[in-house]
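Please treat every number below as a calculation from the coordinates, not as lab data. Just so we're clear, the structure is a prediction, and the values are computed from it rather than from any experiment. No Cβ is skipped: glycine too gets one built from the backbone with ideal geometry, and neighbour counts run over all protein chains shown.
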Amino acid sequence: EEVDVGAFVDRITSKFQTIARDNNIELKSHIEKEGIMFSLDPDKIEQVLTNLIDNAIRYTHENGKITVTQSVVKGGITISVEDDGTGIPEEDLPFVFERFYKADKARTRGRAGTGLGLAIAKNIVNAHQGQLTVASKLGEGTTFTLFLPNRQ
Ligand code: ATP
Ligand code: MG
């Protein structure tokens, strides 16, 4: 399905404005170029973004900041979710996409979920020939980046 990907990202981000505000978190979307039409499965990609934004809110401290950025890159698009929250220890990064991985409770304020969200997200992205990657620094923040290729 062809969607206006900037509008799509704005719409999903805005669903989280209330919960972000309730947690004193500033949530912004940044669409680098408006009006880009892109072929994707809206329900599935919404599920991926929902988990990434939900995580960012859950694992970000009060007064934190989250930015959802949509860009056009060579061969496709990227949508990234950047937070300035707890971060993930470097030694744990290879495991975040595994089922039931959860960081220790001390860092996540006891609000961790089932540990399935990222495993499901990764499966969806792989099924779309895309890539889901993470960069993080403990105590500084985390960025998850979703790359989706142009339809072949
Ligand atoms: P679920 O999504 O199934 O409700 P979950 O959020 O615990 O549960 P995942 O979304 O798979 O599961 O995330 C796995 C773990 O990775 C989390 O429990 C958390 O420890 C860590 N994590 C994920 N996103 C972030 C983030 N943005 N900042 C810090 N840690 C994160
Ligand atoms: Mg999650």
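Data for the structure
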item	result
Output for the stretch 136-152, where each listed residue is in contact with a Leu (Cβ under 9 Å, 6 or more places away or on another chain) and within 11 Å of ligand 1 (Cβ to nearest atom)	S136, F144
Unmet requirement for L27, which otherwise passes all of (1) touching a Lys or Arg at 6+ places or on another chain (Cβ under 9 Å); (2) surrounded by fewer than 20 Cβ atoms within 10 Å (Cβ to Cβ); (3) within 24 Å of L116 (Cα to Cα)	(2)
Test for F8: is it within 26 Å of R151 (Cβ to Cβ) and within 16 Å of ligand 1 (Cβ to nearest atom)	no
Checklist (1) within 18 Å of the chain's Cα centre (by Cα); (2) exposed (fewer than 13 other Cβ atoms within 10 Å of the Cβ) applied to D22, failing item	(1)
Identity of the residue in the stretch 48-74, more than 15 Å from ligand 1 (Cβ to nearest atom) and not hydroxyl-bearing (S, T, Y), that ends up surrounded by the most Cβ atoms within 10 Å (Cβ to Cβ)	Q70
Qualifying position, being under 15 Å from S136 (Cα atoms) and within 16 Å of ligand 2 (Cβ to nearest atom), among I25, I120, I19, I66	I66
Qualifying residue in the stretch 36-53 (condition: without any contact (Cβ under 8 Å) to a residue 40 or more places away in the chain and within 14 Å of the chain's Cα centre (by Cα))	yes
